[in-house]
Amino acid sequence: MNLRTKQRVRTMLQHDCDACALFVNQLGVDVTQWDYVVALAGNPNTGKSTLFNRLTGLKQHVGNWPGKTVKRAEGGFEFNAKRYKIVDLPGTYSLLSASVEEEVARDFILFGRPDVVVVVMDATALERNLNLALQILEITDRVVIALNLMDEAKRKGIQIDHHRLARELGVPVVPIVARTGEGISYLMQAVEDVVEGRVTTHPRRVALEPSLQKAVDELIPHITAALPAVPVPRWVAIRLLDGDPSMEAALRTGWLQTQWGNGTDPAAPSPTTEPDRGEALWQEVVTLRQALAEDFRDRLVESIYEEASRISRAVIRSEGSPATSWEQRIDRIVTHPVWGLPIMLFGLAVAFWITIVGANYPSELLARVLFAIEERGTALFQALGIPWWITGFFWQGVYRGWAWVVSVMTPPMAIFFPIFTILEDLGYLPRVAFNLDWLFKRVGAHGKQALTMTMGFGCNAAGVISARIIESPRERLIAILTNNFVPCNGRWPTLIMLGTVFVAASFPAGLAAFVAAGSVVVAVIVGILFTFISSWLLTRTLLRGEASAFTLELPPYRRPDIKRILYTSIIDRTIFVLWRAIMMSAPAGGLIWLLANISVGGTSLAQHIAGFLDPFGRLLGMDGVILLAYIIAIPANEIVVPTIIMLYTGAGAMVEVEGLTALRALFVDQAGWTLLTAVSLMLFAVMHNPCSTTILTIWKETGSKKWAAVGALLPLGIGVVVTFAVAQTWRLVAGLM
Amino acid sequence: MFWPIGLLVAIGILALGIPLAWRLWESYRVRRRETVEDALKVLWDCVERQTPSTPDVLAGRLRLSLRAAVRLVQHMSEHGLVRMKGSQVRLTPAGRALALHVLRAHRLWERYLSDNTAVPLTDIHRMADKAEHRLTPAEVQRLDAHMGYPRRDPHGDPIPREGEEHVARIGTPLTDWPLGQPARIVHIEDEPEAMFAQILAEGLTPGTDVVIEERSPEGIHLKVEGNDVWLAAVLAAHIHVMPAPQEKRTALSAMTLADVPAGTPVRVVGLSSQVKGLLRRRLLDLGFTRGAVVEPVLQSAFGRGDPTAYRVRGTVVALRREQARHIYVEPITAPNGGENNEPADQTARANHAPA
C-alpha cells in the first residue's frame, strides 16, 4: 500500500472506531498535554528504540536523565483520540544491580508513575528477557508485554505460544515486529485496555527463597504501617532487605515517606513524625537481615531465573536452532585467526576512505559558501562605515574561526558517525571488540575500547561519550581518559600537511607519496601505542582500586534500521558535537584576532607571547609560535595550522596558504623549520591536551573535575616528555655526526 | 644594590617556612593521635585474646622504645582513655569506645574495599590501617549502613557492634580439622602480612571450600576448588574453618567453565566465592545462575580462547578466562534435567572419593 492510499484509507475510516484503532498518529515531541504516560523498558538490543521511533515518528527529544549520564528519549503519539507521552527507559538486564541505568529505569517505574510500562522482549531470547519482565511485574501491575522480533524468531524456527505466555505472566502479551510495524496497533489497543481499566492484570510474583520469604512476610506489616500508600510492599521489602543503597537512602532521608507516607495526598506528608517511623522500620530491616541466608542475593536471582526458565519451557512450542547456520558461519569468518584481522582493517579503511573522499567535496563547498558570506559581510560593514576593528573582530575573528571549524568538521562527522552506527547495529562492532580484547586485556582495558578509539578518530568528544557502552567502571574510565591519543579529524589535516610538506619532501619524488602516507600512519601508531602505555599506567596507579567486571554480549546479526540511524547519529552525535565546538571556536576566533591586532611597542601581542614561549618551544623541538597556536587552539584543533601561518606571515587573521611549495617556503625559509620541527609537531599533534570540548565532555561523563584534569594533563605531560626526549636525542645525534 | 634581592629571599623564606612549620606541627599531632589509636587497638586485642597488656607489650607491638611506650600510656591516661591496674594497662569506658570505633572503621573499610573495589586482598589491610584514623564516627555509621551491616571483615574477623562487646572468633584451626570433611574457610589471620599474602596466593580466601586430603607434621595437602594445594603447617594454623554448607559442596567439583571444550553444553553448579560485588551481580543478571545450561560457542582466535563466547539462556555472552574459571559447571547427564541438584551432588562426591 503506498503512502497516498494509506492516507486515503485513514481519512475514510476516521470515524469508524474499530478501524481507527489501526492507526497510530505520531506526535513527535509535541507532548505538552497528554492523557497517559507510557514507559518503555527492556533488555539492550531488543528493538526498544525501533519501537519508540515507530510510535513517535523519529521526532524525539533526547537528553540526559537529571543528574545522570544516561540517555533519555521522550516523545508522543496519539491513539484513539488519546494523547500518550512515551518515555524510553535505558536498556538493562535487571533492576537489581543498582547500576546507574538500572536505578534510572527503576526509579521511573516506581516514582515516575507511568500509566503503563511496555516491556519489550526479544522473542529469540525469551528466558533472559523474562528475567527483567518478572522483576518489573514485581514493581507494577500495569504492564503490557511487547514480544518483539517475531520475524527473526520465525526465521530461526522458534514458535512461542503467546496466549500461554500472557496467562503465565498475568498481563497482555502482543507479538510485534517493531521494524515493519506489524502488530503495533494491537499493542496500542492492549495499552489502551490497561490504562483505561478495561483489562485487569494479575501479574505473576516469583516464589522466594524460604529465609527471604519469611523475612519479607515479617517486614510487610511494618512497611504498610510506615508507608500506607505504598503500592508494592513486597517489592520494597525485598529491596530493603537486599540492602539497595538508594532505597535505603530514600527511606532514611524520609523521601519514601513523602512519596508514600500519606495515602490520599502524596504531596503533604506530616514531616515531624514520618521520618521517625522510617527509622523504626529501618531498625526492623536491620534485625531481619541478620536471619537471612548468607547468599540470599544469589538465591533471589536464581529463583527469578528458575521461574523464567520454567515459563519459557512452557510457552516455547518449538526451540528452533539456537543460531542459524549463516550467523555461525559469519561469526567463524569475522573471528577467524587469519581472516579476522584483515577483514577488520579493511572495514575500517573503507569507513575512513568513504569519510575522507565523501567529505572532501561538501567540505570545500561549505568553506566556499561560508567564506563568501564573510567577504560579503565585510564589504557590507565597510560600506556602512563601521570601524575597521569591529569589522575585523567580528568577521575575520569570530566568524572566520567559526566558519573554519564548521566547514572542516561537519561533513566528516555527518558521514563517519552513521557508518559507525550502521556497523554497530549490524552487530559487527561487538565482534571487533571480541577479537581485540586479548590486546586490551593486557593493559587492563576493555575490548570495547577499540570501538571508542575508532570513534575518537572522528571526534574525541564523541569518543568519550561512546565510552558509555563499556559497563565496567574502571575500563570505562580508562577509555575516557586515553581517548585523546587517537587523532580526531580536526588533527588529521595537520598530520597530513606535515607529512606531505616535510617528511615526504626529504625523499625522492617517486617515494614521496608513500612516505607521506607512511609518516601519518606512523604518527597514528605512536598515538595508539601511547594509548596502551597510558592505559597500562592508569590501571596500575590511579585506577588500581576501581571496580571492574568484563562481560561482552554478542548480539545476533541484524539488518540495521537505516532511517533511524541517519536520524539519531546526526542528531545525537553530529549536531551535539558540532554545537559545542561552535560555542568554543567562535570566541577563540575572536581572541586570535585580538592577539594579532593589538600591538604593544610596535609588535603585536601575539608576537610578544610567541617570543616569550620560544625558549620552551625550542626545548621541545618546536618554537614559540607553535606553542602559542596550540594554546589558542585549545577550543578547536582545526585552527592550529591557520593560526601558525597567521603568526608567521604577520597577517591580521587566520589564513591558508595555497600550494605546498609556498607553504614549504614559508615554514623552512622564513620560520627556519627543520625536519625535527616537523617530527616534533607531528608527535605533539597526536599527544597534547584535548580540546576544550573534549575536556568538558570528560567532566560531564565522569562527573568529576579530578578526572577531567587527569584527562587533560596526562596526554599533555606525555606529549611534553616525548617531544623533549626526541628533540634532545635528535640534537645529540646530529651533533655527534 | 642587593637589598631588593635580599628582601625577596626573605619573603620567600617566610612564605615557604611558615606553612612548612605549620604542616610539621600538624603532622606531629596527627601521628601522635594515630599512635594513641593504634595502642587502643592493641589493648582491645589483648582483652579479646585474654593476654597481658603491660607497657612493654605495647612497646613490642607498636615498635616503640619502652620509654616512649610509658610516655604514651601516661599521655593516654591523662586523656582518660586508660588507667593502670597493677602492671596492666586497662581501657576505660572512653578508651573502649574509641577503640571500638577505630576497629569498626578498620574492618568496615576492609569490607568495603574487598566488595566494592578491585583492590587486591593483600593491600586492603594496609589501606585500612590508614583509613581507620581518618573516618569519623558518622562516616563509619554510614559505611556500615551502606555495606548492609556486615558481620565479618574479609578475613573473617568479627565487626563489633556498638553495645555488644566482644564477638567470639569462630571456626576451628585448619590444622585440627578432620581429613576428608568438606570445610569452608571463615577466617584467615591477616598478620604477618607475608604469610597472609602466601595464603592468598594459593587461592584461599574466606568463603573458599576445601577438603584436607592428607596431613603430616610439616603441612597439609588440600583439595581447593578442583586444585591440589600443599600448605605448610605454620600457614595452616592461620586459617580457621567451619563445616561447608550442604548445597555449596558442589562448588568443589573439579570442572570450571574455562575447562569446557567448544560445543559442549554444561550446567552451572555455582559461582566461586571469589567473584564478588559488581561482577557477581552482572554474571547472575546475565543468567549464569545455578542450573543454567551454558555452551561455549566461539573462542577468540587471537587470545587463544580468551575471551570465549558462551551461549546462555538464548543469548551469546563473552567472558574472559579469569571469569570463566570462577564458574563451576558439571556435565549434563540427563538430557532434559530441571533445576534439581541431585546429579551435581553425586559428581561432587565422586570427586572427593580417594583414588
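The values are calculated or read from the model by the stated rules, or taken from the named source; none is laboratory data. Predicted model, so just to flag it, every value in this text is computed and none were measured. Don't worry about glycine lacking a Cβ; one is built from the backbone with ideal geometry, like all the others, and counts go over all protein chains shown. SASA here: full protein model, heavy atoms, side chains in, ligands and nucleic acids out. Shrake-Rupley method; radii C 1.70, N 1.55, O 1.52, S 1.80 Å.
Structure notes:
- The lone exception for A:I333 - which of (1) within 30 Å of A:P493 (Cβ to Cβ); (2) modelled with pLDDT of 85 or more; (3) surrounded by fewer than 16 Cβ atoms within 10 Å (Cβ to Cβ); (4) not hydroxyl-bearing (S, T, Y) it fails: (1)
- Annotation for segment A:562-570: no member residue is without any contact (Cβ under 8 Å) to a residue 40 or more places away in the chain and either under 18 Å from A:I356 (Cβ atoms) or open to solvent by 40 Å² or more (accessible area, probe 1.4 Å) (or both).
- Exclusive hit being in a helix (DSSP H, G or I), over 25 Å from A:I718 (Cβ atoms) and either more than 14 Å from every other protein chain (Cβ to nearest Cβ) or basic (K, R) (or both), set A:I570, A:I609: A:I570
- Residue in segment B:305-325 that is in contact (Cβ under 8 Å) with a residue 40 or more places away in the chain, within 17 Å of A:W438 (Cα to Cα) and within 7 Å of chain A (Cβ to nearest Cβ) present: yes
- Counted residues, segment A:336-357 - those being loosely packed, with under 12 Cβ neighbours inside 10 Å and either more than 14 Å from chain B (Cβ to nearest Cβ) or in a helix (DSSP H, G or I) (or both): 7
- For segment A:358-401, the set of residues classified as open to solvent by 30 Å² or more (accessible area, probe 1.4 Å) and among the polar types (S, T, N, Q) consists of A:N360, A:Q382, A:Q396, listed by residue number.
For (1) buried (at least 16 other Cβ atoms within 10 Å of the Cβ); (2) modelled with pLDDT under 85; (3) at positive phi; (4) assigned to a loop (DSSP other than H, G, I, E, B), each residue gets a yes or a no:
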residue	(1), (2), (3), (4)
A:E475	yes, no, no, no
A:I478	yes, no, no, no
A:F514	no, yes, no, no
A:L529	no, no, no, no
A:L543	yes, yes, no, yes
A:S548	yes, yes, no, yes
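- Set A:L605, A:L594: member being touching a residue at least 12 places away in the same chain (Cβ under 8 Å) and in the same structural domain as A:I478 (by TED's automatic domain parsing): A:L594
- Criterion (assigned by TED's automatic domain parsing to the domain that holds A:V722, touching a strand residue (DSSP E or B) at 6+ places or on another chain (Cβ under 7 Å) and not β-branched (V, I, T)) met by exactly one of A:L511, A:L554: A:L554
- Residues located in segment A:234-259, provided they are more than 9 Å from chain B (Cβ to nearest Cβ) and at positive phi: A:G254
- Residue match in segment A:173-194 (condition: free of Cβ contacts under 8 Å to residues at least 12 places away in the same chain and farther than 30 Å from A:I565 by Cα): no
- Qualifying strands (runs of 3 or more DSSP E) (wholly inside segment A:23-75; at least 3 residues being under 15 Å from the mean Cα position of the chain (by Cα) and either at pLDDT 65 or above or over 21 Å from A:V191 (Cα atoms) (or both)): A:61-64
- Apart from one condition, A:L423 fits all of (1) among the aliphatic types (A, V, I, L, M); (2) within 14 Å of chain B (Cβ to nearest Cβ); (3) surrounded by fewer than 24 Cβ atoms within 10 Å (Cβ to Cβ); the exception is (2).
- Verdict on A:K448 being within 14 Å of chain B (Cβ to nearest Cβ) and within 25 Å of A:P560 (Cβ to Cβ): yes
- Every residue from segment B:109-142 that is of a type in the set (A, V, I, L, M, F, W, C), within 11 Å of chain A (Cβ to nearest Cβ) and open to solvent by less than 50 Å² (accessible area, probe 1.4 Å): B:L113, B:A118, B:V119, B:I124
Results for (1) crowded, with 18+ Cβ neighbours inside 10 Å; (2) within 25 Å of A:N80 (Cβ to Cβ), shown as yes or no for each residue.
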site: A:Y186; (1), (2): no, yes
site: A:V191; (1), (2): yes, yes
site: A:R198; (1), (2): no, yes
site: A:P203; (1), (2): no, yes
site: A:E218; (1), (2): no, no
site: A:H222; (1), (2): yes, no
site: A:D244; (1), (2): yes, no
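- Matching option when the condition is modelled with pLDDT of 85 or more and not in a helix (DSSP H, G or I), among A:I390, A:I304, A:I373, A:I386: A:I386
- Of all residues making up segment B:262-287, the number that are open to solvent by less than 40 Å² (accessible area, probe 1.4 Å), more than 7 Å from chain A (Cβ to nearest Cβ) and more than 25 Å from the chain's Cα centre (by Cα): 3
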